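Heads up: the structure comes next, in structure tokens.
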């Protein structure tokens with residue numbers, strides 16, 4: 001089977017949609033203003049609330065007095081008003097009649113009314129999604145005020161573990177016991193190209209100031225986004241503009257010299273909207289001295305372990321200069337047809353300590369562009385066409401000569417045609433086709449060659465509401481891979497809600513083809529070791545079972561979930577001996593499994609206090625020669641407490657966020673002696689306190705303390721998952737909204 005990336009049928013679909021738009025526009029139907037106001041339950045105006053017309057692409061934001069105006073065709077329309085922290089409400093209006101609409105929204109007692117899209121490609125309240133989904137809301141991001149995306153996930157998502165690559169020192173991630181190449185990262189539903197370290201994407205390219213919310217679908221439960229995502233899908237939803245004129249200016253400065261500045265400007269007219277954002281980040285390099293050496297325990301034949309204490313060392317941590325630029329354009333041809341275009345530019349320059357600077361620096365650049373055409377026949381029938389290209393390059397910049405050596409290029413092209421259909425509010429069907437093409441040029445390939453892979457996809461998912469309190473989601477994803485042919489991944493989820501309890505369960509299968517690096521690498525690391533790919537690798541397969549229970553009673557919410565992952569032919573990097581020489585080679589492992597559970601409790605009190613605590617347990621087992629070589633810390637926890645109240649015209653708030661991870665012993669192989677050993681890595685924790693005030697005219701001032709209790713790891717050089725904190729760090733941030 002051969003692939004062509006010329007989407008002729010889709011082009012015909014676009015033309016048909018455009019013709020429909022022109023035909024509808026040609027009617028030149030008169031429109032009538034519908035005015036209204038959005039208030040809270042005490043009668044206070046809610047500025048920046050959103051009011052949209054159900055079943056159309058028409059929507060608008062409220063002004064500082066909570067007022068809005070919509071121009072609608074004569075007849076009946078259903079308006080939906082929403083605001084962060086409040087329950088959404090619907091009202092039916094008659095356009096063409098003199099009428100003022102008043103929405104009164106009640107404060108939400110939990111986050112279950114938060115709208116999510118990742119599990120179904122449609123806007124759904126979190127409480128109605130059968131697939132286990134976690135949302136990091138805009139309010140949580142605002143309270144935490146993190147400098148980067150990594151800090152956001154660490155404080156808000158138990159089971160996430162960040163470390164640093166042993167060679168480059170750049171961030172690496174595990175989630176629920178699985179490495180980053182098992183987690184699919186998306187921006188507004190689109191795939192992300194490029195890597196920072198090893199198989200990890202460059203996490204710095206996610207600009208925290210552009211993020212509206214983050215949706216996480218755990219495990220291989222996403223039919224719609226990829227069978228390769230065995231560990232889960234992280235979908236970053238970016239901000240949009242819904243007012244005639246909006247903008248913001250912000251700056252952050254820390255006592256350790258880290259800085260961040262951001263600017264955004266947006267405008268929404270009747271049919272056209274634009275949002276432009278830019279940001280700059282600066283982090284200085286530094287060095288961390290160990291307080292004690294690494295503790296290493298060697299296996300011996302006699303059963304008596306040999307303990308070796310290493311000498312304390314030091315670790316150099318690089319800094320960076322980062323620029324972001326993003327543009328989002330949208331045009332509503334009419335109430336049914338809309339066109340959206342996006343583009344971004346990102347550049348990352350790595351900064352070394354002066355003592356290590358050999359007159360060259362690492363430089364990364366990313367360009368992306370895409371477009372979407374969406375046609376809403378009615379609220380039950382929607383068709384979308386998407387195209388997106390993401391282009392990521394790496395260079396070595398020789399500062400004195402100005403020469404740039406091109407060492408890496410990753411280009412992703414994605415075409416997608418999706419159709420969603422709702423039948424009598426009982427059946428919700430999503431189906432679509434995708435074509436993905438990736439071309440990778442890598443310095444780890446022989447002669448820095450380029451290799452490519454193509455994948456064609458058909459997916460189908462149906463959500464069937466059997467009863468008001470019982471829903472089933474069944475789906476299948478068919479992948480045709482240019483190297484590994486056809487593979488089918490079925491999935492099934494069930495949600496049952498008897499009273500205040502919500503039960504969710506799921507079964508899914510997953511398929512992960514070897515990456516281009518795992519297949520084609522052939523790289524000698526300065527004579528110390530050789531990293532080899534393996535053309536004989538087989539695709540990984542997984543089976544996952546998940547079960548969760550959630551209790552929602554008034555201001556209290558308690559949820560618990562468990563999962564079991566079983567892997568067949570999991571790909572790992574192993575020390576192998578061939579022809580008398582040691583190599584690091586990608587192989588299919590003997591056995592691999594991941595089992596885990598987490599529990600979250602939260603309470604949102606009416607006097608402004610919000611408490612949330614989560615605990616996660618992960619049993620990651622990655623066995624080779626009878627030894628578990630996983631470095632995943634099995635137990636972790638997060639905690640947050642936030643309080644806010646109005647003082648005159650100012651809203652004051654305070655938040656405390658904490659995270660903890662347990663100790664772990666990590667097994668390795670000494671290739672010189674052939675003996676196995678393990679190293680002890682200590683527990684770690686960090687706490688962050690923020691005090692903020694929201695003043696008139698859109699001014700917000702935040703003062704914060706990171707690492708509140710001054711925790712530092714005793715040994716950093718021997719533990720790639722150690723905390724890189726040097727102690728307490730003070731932060732001051734100022735933002736102004738227009």
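The values are calculated or read from the model by the stated rules, or taken from the named source; none is laboratory data. The shown structure was predicted, so the numbers you read here are calculated from the model rather than taken from an experiment. Glycine also receives a Cβ, built like all others from the backbone with ideal geometry; neighbour counts cover every protein chain displayed.
Key figures
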quantity: Qualifying position, being assigned by TED's automatic domain parsing to the domain that holds residue 387, within 18 Å of residue 514 (Cα to Cα) and touching a strand residue (DSSP E or B) at 6+ places or on another chain (Cβ under 7 Å), among 481, 427; calculated: 481
quantity: Of residues in segment 356-400 being touching a strand residue (DSSP E or B) at 6+ places or on another chain (Cβ under 8 Å) and in a loop (DSSP other than H, G, I, E, B), the one surrounded by the most Cβ atoms within 10 Å (Cβ to Cβ); calculated: 380
quantity: One residue from 192, 234, 214 being at pLDDT 90 or above and closer than 14 Å to residue 131 by Cα; calculated: 234
quantity: Residues of segment 244-279 that turn out to be in contact with a strand residue (DSSP E or B) (Cβ under 7 Å, 6 or more places away or on another chain), in a strand (DSSP E or B), under 26 Å from residue 336 (Cα atoms) and in contact (Cβ under 8 Å) with a residue 40 or more places away in the chain, as a count; calculated: 6
quantity: Subset of segment 695-706 [touching a residue at least 40 places away in the same chain (Cβ under 8 Å) and either outside any strand (DSSP E or B) or out of contact with any strand residue (DSSP E or B) (no Cβ under 6 Å at 6 or more places or on another chain) (or both)]; calculated: 696, 698
quantity: Test: residue in segment 707-730 that is in the same structural domain as residue 161 (by TED's automatic domain parsing), assigned to a strand (DSSP E or B) and surrounded by fewer than 17 Cβ atoms within 10 Å (Cβ to Cβ); calculated: yes
quantity: Within segment 231-255, tally of residues that are buried (at least 24 other Cβ atoms within 10 Å of the Cβ) and more than 15 Å from the chain's Cα centre (by Cα); calculated: 0
quantity: Conditions (1) at pLDDT below 85; (2) over 30 Å from residue 32 (Cα atoms); number of the one not met by residue 155; calculated: (1)
quantity: Residues within segment 526-573 that are assigned to a strand (DSSP E or B) and either within 28 Å of the chain's Cα centre (by Cα) or surrounded by 17 or more Cβ atoms within 10 Å (Cβ to Cβ) (or both), tallied; calculated: 31
quantity: Count - residues of segment 111-143 that are buried (at least 21 other Cβ atoms within 10 Å of the Cβ) and either within 19 Å of residue 262 (Cβ to Cβ) or out of contact with any strand residue (DSSP E or B) (no Cβ under 9 Å at 6 or more places or on another chain) (or both); calculated: 3
quantity: Options 91, 72, 79; residue that is under 30 Å from residue 224 (Cα atoms), not in a loop (DSSP other than H, G, I, E, B) and not assigned by TED's automatic domain parsing to the domain that holds residue 418; calculated: 79
quantity: Residue match in segment 426-436 (condition: at pLDDT below 90 and assigned to a loop (DSSP other than H, G, I, E, B)); calculated: no
quantity: Test result for residue 403, more than 14 Å from residue 392 (Cα to Cα), in the same structural domain as residue 128 (by TED's automatic domain parsing) and free of Cβ contacts under 8 Å to residues at least 24 places away in the same chain; calculated: yes
quantity: Among (1) over 28 Å from the mean Cα position of the chain (by Cα); (2) without any contact (Cβ under 8 Å) to a residue 40 or more places away in the chain - the single one residue 679 does not satisfy; calculated: (2)
